[in-house]
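Remarks on the structure that follows.
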Amino acid sequence: MTYKIGIFNTENEAVAAIQALEQAGFTNHELKVLAKDREHSRRVESETDVHADEMTDLLGTRAAADDHGVEDLRIYAPMSAASGLNISGGFIGGMTYPSNGFLISTAFLGDDRNVEHTLTDIGLTSSDAEPCRKALSQGAIIVAADIGNSDQADGPDLSRGGAAEAALRNCGAAQIL
């Protein structure tokens, strides 16, 4: 998967971008939305049909996977979603995983490598993970569109990547990756 990523400073811009991407032909399964926490994802989820992943939850899942020696977060992500893992604790693979919001927030703000590792676990490239981590820590919303393999020759970009970039740009992305 290759993503065209837009970084948005407000939930309103992110909602508009999701709607523009859907108008451009992207399905909700081809869109990935990342937010710092529930407070930052609530509006996006209430106004669109796209789920927003919250870094606090993803970091909790990453920590549980690390505790159990699992490198690939995708193995734990479906179980954590099914079990209701959140920052107040949950079950993973039949085992209790205790955590608290303070510890997750501390990890989010203080452990750059852990955050970037988590972002690459969910499909972002390592070069995109750092600017996304910085933006998320400041409360930005990340909207990523799966553009497949969009190798474009010279000339106007009429690919899915070009359509995604135009939608993100028109909706006020602070940065496009």
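Read the figures in this text as sums done on the coordinates, not as results from a lab. Model, not experiment: these values are computed from the prediction. Every residue, glycine as well, gets a Cβ built from its backbone with ideal geometry; the counts of neighbours run over all protein chains shown.
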Next item on the list: Note down the nm distance, to one decimal, between modelled labels 7 Å out along Cα→Cβ at T2 and at H51.
Entry: 2.7
Next item on the list: Apply 1/(1 + (r/R0)^6) to the Cβ-Cβ distance of N114 and T27, taking R0 = 35 Å, and write down the FRET efficiency to the nearest 0.05.
Entry: 0.70
